[in-house]
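Visitor: Here it is: the structure, laid out below.
The values are calculated or read from the model by the stated rules, or taken from the named source; none is laboratory data. Worth saying up front: this structure is predicted, and the values here are computed from it rather than measured. Backbone-built Cβ (ideal geometry, glycine too); neighbour counts: all protein chains shown.
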Amino acid sequence: MQRAQSEPRPGASTKAFPVMHSSKPSLTALELLAMFFVALLYLAGCQAVDPPRRAAMPATAAEPEPAPADVLTSSQRMPWAELAAGPAKPFDQALLDATHALLSMVELPAPGEKQMLVIDPPIDALSGVQSLATRNMEARIGELVRKKFPQYSLQPFTPASLRRPSLVLFGTLTPVNASGQADGKREAYRICLALADLKSGRLLSKETARARLQGVIHTPTPYFQDSPAWMQDRSVDRYVDACEAGKPGERVQRAFLDGLGAEMAIQEAIAAYDGGRYKEALERFSSAAISADADRLRIDNGLYLANSKLGRAAEAEAAFSKIVEHGLAEKRLAVNFLFRPGSTGFAPGKSANSSYPLWLKEIGRQVLRTGSCLAIVGHTSRTGAESLNEKLSLERAEYVKKRLEEENAELAGRAIASGAGSRENLVGIGKDDLSDTLDRRVVFEVIPCASRSTQTANRY
């Protein structure tokens with residue numbers, strides 16, 4: 001580091017250099033040598049104390065750098081409260097302000113050039129579900145890009161976009177409490193938006209915001225409403241971590257970027273199902289299943305749904321069998337049984353309800369085939385007193401256990417029931433409608449058969 005000769009290094013004592021007196025006729029060779037070595041030590045200390053800072057790499061750089069781990073743990077993510085400070089704004093304002101700030105931080109391209117931009121559909125950070133609210137996020141971001149940011153050329157989120165240099169914008173939406181945590185009473189939505197460069201693999205910018213709950217319709221899209229099963233999804237974890245744990249200038253997780261091609265194929269299939277194009281959806285889910293990197297549960301859910309809509313009962317049953325097989329292998333499978341509000345009985349009037357006996361029979365068959373034992377855990381939404389929710393969730397688990405044993409008599413003694421109340425809500429907004437059906441799920445957990453007599457007492 002260069003410093004002016006007249007400016008001493010901060011904190012350095014002037015006693016470090018020999019003082020020259022006019023009364024002394026000359027310096028000896030030994031003194032000159034000592035001064036030389038002291039000067040070298042001074043310069044080395046200056047470099048060690050204040051090394052030059054390395055500038056952030058431009059978006060087109062491709063410097064090799066060790067790839068981070070596939071998925072960060074929750075403790076490695078930024079604390080929830082730090083992700084979106086400040087008061088909550090109306091949803092549309094919060095979203096557009098965050099998007100404008102996100103895109104304004106990126107260096108402008110050369111005159112006459114445009115940067116290709118794709119939007120990876122935003123998701124709920126805890127469940128991975130796409131809702132009417134996240135679809136609205138995607139649409140409003142697209143409108144803002146087209147109106148206010150002519151330097152970007154917005155492209156569809158399709159595999160063709162990966163064949164040319166592009167930027168990818170992605171984001172999450174999460175109901176949070178007053179402290180910014182996804183727990184307890186939800187009082188706002190946390191929005192997280194991120195922009196990454198696919199060529200360099202780096203995160204270019206990131207913005208967070210808090211939005212009010214009022215007026216936000218978080219009802220899942222048809223595919224997610226109809227899906228029979230849910231489980232923790234590694235691809236969703238990578239997506240969420242890339243947004244909420246990522247820091248501008250750093251590399252995005254390699255696994256997230258490598259999975260974009262498979263994700264694009266799945267999103268095309270989901271869009272076809274949501275649009276009522278079931279034959280196209282079946283073809284696209286079948287094509288996506290070929291990819292080794294694909295998310296199996298979302299594909300098998302899609303194959304089950306599309307085949308069911310097309311009246312292909314045998315193929316739908318085979319797809320559900322794969323869902324159960326995958327869930328038992330992972331030791332945990334959540335099934336979306338719809339219950340009447342405040343009741344243990346299944347809700348009438350939903351076409352999926354007629355499939356419940358098939359679901360229970362297949363779960364029981366595979367439990368017997370694998371020699372497994374189950375803990376069946378009921379859940380409820382936040383509506384009502386927690387003491388009542390505890391009771392209701394246990395009663396629902398016991399009802400499902402009873403129905404399971406009726407479909408498979410050999411399962412008697414291989415399953416126990418317990419209730420989680422509303423303590424493990426994924427949505428937590430307490431509306432008791434289609435927006436929080438996942439909060440009323442029933443979870444099948446594989447447990448050691450020797451411990452099933454103590455699981456109820458030890459779970460909580």
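Visitor: Can you name the condition, by its number, that Arg396 falls short on among (1) farther than 20 Å from Ser343 by Cα; (2) buried (at least 20 other Cβ atoms within 10 Å of the Cβ)?
Guide: (1)
Visitor: Would you say Gly171 is over 25 Å from Ala420 (Cβ atoms), assigned to a loop (DSSP other than H, G, I, E, B) and of a type in the set (Gly, Ala, Ser)?
Guide: no
Quick grid of which residues meet (1) crowded, with 23+ Cβ neighbours inside 10 Å; (2) out of contact with any strand residue (DSSP E or B) (no Cβ under 7 Å at 6 or more places or on another chain); (3) of a type outside the set (Asp, Glu):
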| site | (1), (2), (3) |
| --- | --- |
| Ala281 | yes, yes, yes |
| Phe285 | yes, yes, yes |
| Ala288 | yes, yes, yes |
| Asp300 | yes, yes, no |
| Leu305 | yes, yes, yes |
| Leu310 | no, yes, yes |
| Ala313 | no, yes, yes |
| Ala316 | no, yes, yes |
| Glu325 | no, yes, no |
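Visitor: Mind checking whether some residue in the stretch 197-210 is farther than 21 Å from Met116 by Cβ and either surrounded by fewer than 24 Cβ atoms within 10 Å (Cβ to Cβ) or of a type in the set (Gly, Ala, Ser) (or both)?
Guide: Step one: list which residues in the stretch 197-210 are farther than 21 Å from Met116 by Cβ, which gives 208-210.
The next check asks that each one be either surrounded by fewer than 24 Cβ atoms within 10 Å (Cβ to Cβ) or of a type in the set (Gly, Ala, Ser) (or both); those that pass are 209-210.
Checking the stretch 197-210: at least one residue is farther than 21 Å from Met116 by Cβ and either surrounded by fewer than 24 Cβ atoms within 10 Å (Cβ to Cβ) or of a type in the set (Gly, Ala, Ser) (or both).
Visitor: Would you check if there is a residue in the stretch 223-232 being at positive phi, under 19 Å from the mean Cα position of the chain (by Cα) and at pLDDT below 95?
Guide: So the first thing to find is which residues in the stretch 223-232 are at positive phi, and the list is none.
No, because not a single residue in the stretch 223-232 is at positive phi, under 19 Å from the mean Cα position of the chain (by Cα) and at pLDDT below 95.
Visitor: Still on this structure, please answer the following. Residues that are out of contact with any Asp or Glu (no Cβ under 9 Å at 6 or more places or on another chain) and farther than 29 Å from Arg202 by Cα: list the helices (runs of 4 or more DSSP H) wholly contained in the stretch 228-303 that include at least 2 such residues.
Guide: Numbers: elements: 234-244, 254-258, 260-274, 278-288.
The qualifying helices (runs of 4 or more DSSP H) are 278-288.
Visitor: Still on this model: Could you check the stretch 380-393 and list, in sequence order, the residues that are buried (at least 24 other Cβ atoms within 10 Å of the Cβ) and in contact with a strand residue (DSSP E or B) (Cβ under 7 Å, 6 or more places away or on another chain)?
Guide: The one that is buried (at least 24 other Cβ atoms within 10 Å of the Cβ) and in contact with a strand residue (DSSP E or B) (Cβ under 7 Å, 6 or more places away or on another chain): Ser393.
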